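Input: a single structure, listed below in structure tokens.
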Protein chains: 6
Amino acid sequence: MSGVIVTNPPRAAEKDVEALSGYGVATVHEALGRTGLLGPRLRPIQQDVRIAGTAVTVLSWPGDNLMIHAAVEQCSPGDILVVTTTSPSTDGMFGELFATALQRRGVRGLVINAGIRDTAELRGMGFPAWAAAVSAQGTVKATAGSVNVPIVVGGEIVRPGDVVLADDDGVMVVPRERSGEAVEASAARTAKEEASRAAFAGGQLGLDRYGLREKLVRLGVRYESYDQYLREAGSGS
Amino acid sequence: MSGVIVTNPPRAAEKDVEALSGYGVATVHEALGRTGLLGPRLRPIQQDVRIAGTAVTVLSWPGDNLMIHAAVEQCSPGDILVVTTTSPSTDGMFGELFATALQRRGVRGLVINAGIRDTAELRGMGFPAWAAAVSAQGTVKATAGSVNVPIVVGGEIVRPGDVVLADDDGVMVVPRERSGEAVEASAARTAKEEASRAAFAGGQLGLDRYGLREKLVRLGVRYESYDQYLREAGSGS
Amino acid sequence: MSGVIVTNPPRAAEKDVEALSGYGVATVHEALGRTGLLGPRLRPIQQDVRIAGTAVTVLSWPGDNLMIHAAVEQCSPGDILVVTTTSPSTDGMFGELFATALQRRGVRGLVINAGIRDTAELRGMGFPAWAAAVSAQGTVKATAGSVNVPIVVGGEIVRPGDVVLADDDGVMVVPRERSGEAVEASAARTAKEEASRAAFAGGQLGLDRYGLREKLVRLGVRYESYDQYLREAGSGS
Amino acid sequence: MSGVIVTNPPRAAEKDVEALSGYGVATVHEALGRTGLLGPRLRPIQQDVRIAGTAVTVLSWPGDNLMIHAAVEQCSPGDILVVTTTSPSTDGMFGELFATALQRRGVRGLVINAGIRDTAELRGMGFPAWAAAVSAQGTVKATAGSVNVPIVVGGEIVRPGDVVLADDDGVMVVPRERSGEAVEASAARTAKEEASRAAFAGGQLGLDRYGLREKLVRLGVRYESYDQYLREAGSGS
Amino acid sequence: MSGVIVTNPPRAAEKDVEALSGYGVATVHEALGRTGLLGPRLRPIQQDVRIAGTAVTVLSWPGDNLMIHAAVEQCSPGDILVVTTTSPSTDGMFGELFATALQRRGVRGLVINAGIRDTAELRGMGFPAWAAAVSAQGTVKATAGSVNVPIVVGGEIVRPGDVVLADDDGVMVVPRERSGEAVEASAARTAKEEASRAAFAGGQLGLDRYGLREKLVRLGVRYESYDQYLREAGSGS
Amino acid sequence: MSGVIVTNPPRAAEKDVEALSGYGVATVHEALGRTGLLGPRLRPIQQDVRIAGTAVTVLSWPGDNLMIHAAVEQCSPGDILVVTTTSPSTDGMFGELFATALQRRGVRGLVINAGIRDTAELRGMGFPAWAAAVSAQGTVKATAGSVNVPIVVGGEIVRPGDVVLADDDGVMVVPRERSGEAVEASAARTAKEEASRAAFAGGQLGLDRYGLREKLVRLGVRYESYDQYLREAGSGS
């Protein structure tokens, strides 16, 4: 693995990041055609927190946090640090000291596809984090890696400067070129969701609202009374 | 998979459901001879909530929530929606909009052997849920499934109208024919537990209370001082 | 498996346990050369609690809690019960009744490499626990095991009387012979961490503080502008 | 768990079992509307073997093979022993000695939702097996369970006397009442597959054979040249 | 997810693919700086087979193989079909009929980040495959996906026309722009490995060949006799 | 982690190792009271091979094989190399070149609680191996570890010089002080197994041979005809 630290990558437009911070991960993910989600493995260490920011990416060797040190210097206000490893790892590569350094630089939070530690302290200092594992296991600073190159987390590509959005439902990425489109689509999606919410609260059914009754028929789904069903299933069920 | 939506299945007696809501999952599970638990994979998205209700069951294709829409119409006050998929899935099949529709119909909560999303919103609206995963991943409405047929979750069969009981320890099912028996057995178990609690708080040992000293002897378990043990283990351990 | 219950094993010095309770798991783990962590599988059932105590160990058959009953009698004030099974198990071997008995004896908490239940009740009574799973699944009392023999949890050996330390980041063991050394090393580590925290809060970089710039050079990590990187990566990335 | 050993359950018609042994698991699974598969966790310990037989079912406590001993007596020629445990287990509950006893009784093989051992010996004696794990871990004979009650494996219910079919692709169950239907449907499916195979070997495309081109259009899937795609994706991908 | 089928993407140079087929996955992975491996989850269904070819990529909905049908038409001699799903899935999306169609078109094998079935038949017809699971579970043809777009498998990006190399050690991708470089680097690596093999067979140690003795010293690794070690470890270990 | 390479540890008596090589893992595991098994995670890369030897142990950093190089020098004829990592890892730390060096030194095989590569080549050269994963992922030589210290694999302690026994059922360790006892107990166990095998082949039941009928009665297991069972289970099952 050749190591490179890329400086000053382009970042998504600040106003788009700001606007996206008003929407939940599920909404933006839907708005972008159900793309961008970094999988179900990343879980928040806190509850009821949502952040949006621009990615500074780190690719580290498992059990080694050298490149996170290199990444700190590349971080600016509004960034979110996104870390993965070349092989799966649950080691606690990140803790309170890193968070102190990042908080000072205006970084909004951490997404790490590996382990995290000092979770109580991180909650205490208000530095939000999403991680694949919680583990106190310490790491070394011995092997090269890269900063601000495209990385893959949970089957999605995260590039430096892409928008990262995280809340209780997980983490997603919006490619920086699509941030404007994402804002618009999320607004539209939210309007649609609000109308549906009102309709459902008023008693309408999704079957009717989305025209699904006909689809059920077309798929051959039939309605049966419980007695009919029992007769059909026979004594075998 | 042939799709069928079964209407008006029998439901467990309301008074039994009410009575069972007074007991924890562990207690009822023990009271019924250690049966009915839907395994350790289902976890609550909230803390310190317990619900009991009658099952409306859904069998869906992975990545597809069409049949949940069909199921909403089959739900009545006092029900709990129980969803599984034909293959393992972590996709977020259920969110705030469904909860809005279900809450309006008097449904008490959700048990889903797949993913859930909008978890912060669900906690906010007081709609409790137990799920195998939290994921914002969206789903389609394309493939047939069934509603109110017997389904299998965590190695247990859940039939429509069965009692479902869920708390911080997990989720269990009580066959609707056994709901009365479950109430009685749970009351008896609780009385027994209370007596044991008082005894243990007073310093009695389980070894004595349950007559286990003799069993240890029969099984050949011996007591040794630390020095004896070291000598026996030799330098090898 | 021959069953043995070892009585009165030596315990780590009380003052060392007391002193270690002032440090987090990550700190002591680092202080002891990154050893002793019982892996990422053990998670707390509560938040923001830290305990330290001396281990009473249990080796049980899966699905069987007979030996926990035997272990209760071996527990003294200041102990922590540490349970594992001869094969992986998620069954709920431990609940509120055991906690009642242990609390009466002055036991500080539970570490169980298997399942736990009555988690809401345990939080309610202030009995902290770390477990590999939460499950209401009940167990039997049928098969022999051992108490106060060395056991293995998460790749580490825990012997009776060793210091066990647990917080939100996981659980670790300090061999009883090393408890004094651990106290000293943890104090030194904490002083070092405090200095680093102040430095990082003041804007110093880890790259400079730990002399890592030179290491990056030695490892061949290069700095590139985003444009350079793009040119080098070619159209392929 | 109350233990019961059910004697002489009805068995699927022998001629149906015989007929089904001529089809692969994937074929019969499809023929029955994509039902009956016992999940991807069960793997064969041998290659290129297919068996069909009638189920004798066992529900055991984890780490305990007492009930397999009880089940041997209930086995007749043409049966397949199907074992699961009340909680997940990888212990080696079954080995060469059991296989010797079963082979003598004309049993055709083993399906075990737990561990197996003596795998080399089992292959050597021609006793086929499908298991969730291979492990030499021994078990006890201490706790009650049941024989010939309905059990759940991989999300499917297996009742005594149901047809069990196993090959390199996994294991499936055919409810004994549906064995005749399964034979017919499998024959039809096979004929259809043979026609498709010939067509595909001759160069026809599934897109044409199954009329999928129109479906792609309806779903909005578009064809683009590579250059078009690149332009559309922009520099961002 | 917007669906697109990209036609005629560029392919890696045929002579490079041919040349790379002479090297194992581990060798080429090392030669390219330890990059490109599609992780440990993909396993071969056969033994002792190695293939190299150009990727035709498929992104499918879980439980749905519609897009594989679309992909067959895009396949040419020398291709390898590489399939993944938008969410994790173990369903058997691919079997003998697809293999028949692909073999007719000169496709060299399959890499699928999901399930496969008809494994015995595939081995029988000499169509090699690497899969994340073996499962007979059938799928539908209901939801859109894409063909020949960049996909992510095991943390690596696979683009149409990239070189895919697979053997008993797993699967890797070589970006099509780097195929020439990969050939050269693999030849060099192989020469180096051959020299090392000869040296090791002759009794040289890696410690000497790679100059590692000095590194051990620098890292503070010390040599001790067993007696010294015991004394140092004390009675505690 | 302090690194140490321990030289010339004591080894189990050669004649005991030789004698144990005549027994399978399951037999010796049972003979020693069901202890010593290194869990179900370690699988052979070949079939129908059994080895016994004395352990040379390695504790490595994840993703780093430096210490395997150091271990080669400590290996003598009759040894088996046993490797684990400080955190879980699937990286391919070991391949053909190491096997060449070890084979030259008379080492009998490898047990690695991590990944292995060059599996086809290892089979070809007759160097047997058991591993937790197969992966071509390469590793670095950057971080200290230890050789010939006690390590933990699969919940068991392996010390240098202990007997390691591996076959198709997995891997086990016999403490060097117990090797003589293991030989005797394995011989006795084998004699007992042979008698049981003959009895079972002759039609005797385990229920009778092991006196289990009475135990079933004591545990309250009852026999019921299928009709009785159905009546009791009611319409609910």
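Just so you know, all these numbers are worked out from the coordinates, no wet-lab data involved. In this text the structure is predicted, and so the values were computed from the model without any measurement. Counting neighbours? That spans all protein chains shown, and the Cβs are built from the backbone with ideal geometry, glycine included.
For residue D:119, state whether it is more than 30 Å from residue C:93 (Cα to Cα) and more than 14 Å from the chain's Cα centre (by Cα). For residue D:119, the condition - more than 30 Å from residue C:93 (Cα to Cα) and more than 14 Å from the chain's Cα centre (by Cα) - is met. In region A:31-47, the condition of being over 21 Å from residue A:163 (Cα atoms), β-branched (Val, Ile, Thr) and out of contact with any Phe, Trp or Tyr (no Cβ under 8 Å at 6 or more places or on another chain) is met by no residue.
Residues in region E:169-214 that are at positive phi and more than 9 Å from chain F (Cβ to nearest Cβ): E:211 alone. Apart from one condition, residue D:35 fits all of (1) in a loop (DSSP other than H, G, I, E, B); (2) under 13 Å from the mean Cα position of the chain (by Cα); (3) within 14 Å of chain F (Cβ to nearest Cβ); (4) hydroxyl-bearing (Ser, Thr, Tyr); the exception is (3). Scanning region E:1-12 finds no residues that are surrounded by 24 or more Cβ atoms within 10 Å (Cβ to Cβ) and within 30 Å of residue D:36 (Cβ to Cβ). Only one of the listed residues (C:36, C:24, C:63, C:3) is touching a His at 6+ places or on another chain (Cβ under 8 Å) and over 20 Å from residue C:122 (Cα atoms). That residue is C:36.
Residues in region E:115-131 that are closer than 21 Å to residue D:30 by Cα and of a type in the set (Gly, Ala, Ser): E:115, E:120, E:131.
Going residue by residue through region F:34-46, is there one that turns out to be surrounded by 19 or more Cβ atoms within 10 Å (Cβ to Cβ), over 30 Å from residue E:47 (Cα atoms) and touching a strand residue (DSSP E or B) at 6+ places or on another chain (Cβ under 7 Å)? Yes, region F:34-46 contains a residue that is surrounded by 19 or more Cβ atoms within 10 Å (Cβ to Cβ), over 30 Å from residue E:47 (Cα atoms) and touching a strand residue (DSSP E or B) at 6+ places or on another chain (Cβ under 7 Å). If I ask for residues that are under 21 Å from residue E:102 (Cα atoms) and either hydrophobic (A, V, I, L, M, F, W, C) or touching a Leu at 6+ places or on another chain (Cβ under 6 Å) (or both), which ones from region D:198-237 would you list? Scanning region D:198-237 gives D:198, D:199, D:200, D:201, D:205, D:207, D:212, D:213, D:216. When the criteria are applied in full, residue D:25 fails the requirement of being on the phi < 0 side of the Ramachandran plot, of a type in the set (Val, Ile, Thr), facing another protein chain (nearest Cβ under 7 Å) and over 18 Å from the mean Cα position of the chain (by Cα).
Taking every residue in region D:186-212 that is without any contact (Cβ under 8 Å) to a residue 24 or more places away in the chain and exposed (fewer than 15 other Cβ atoms within 10 Å of the Cβ) and pairing it with any residue that is part of a helix (DSSP H, G or I) and of a type in the set (Val, Ile, Thr), at least 6 positions away or on another chain, the pairs with Cβ-Cβ distances below 8 Å are D:201/E:100. Residues of region F:5-30 that are within 13 Å of residue F:160 (Cα to Cα) and not in a loop (DSSP other than H, G, I, E, B): F:5, F:6, F:7.
Yes/no per residue for (1) among the hydroxyl-bearing types (Ser, Thr, Tyr); (2) at the interface with chain C (Cβ under 9 Å from one of its Cβ atoms); (3) under 26 Å from residue B:137 (Cβ atoms):
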position	(1), (2), (3)
A:90	yes, yes, yes
A:104	no, yes, no
A:110	no, no, yes
A:123	no, yes, no
A:135	yes, yes, yes
A:138	no, yes, no
A:167	no, no, yes
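Could you please let me know if residue A:154 is within 18 Å of residue A:45 (Cβ to Cβ) and of a type outside the set (Ser, Thr, Tyr)? Yes: the conditions hold for residue A:154.
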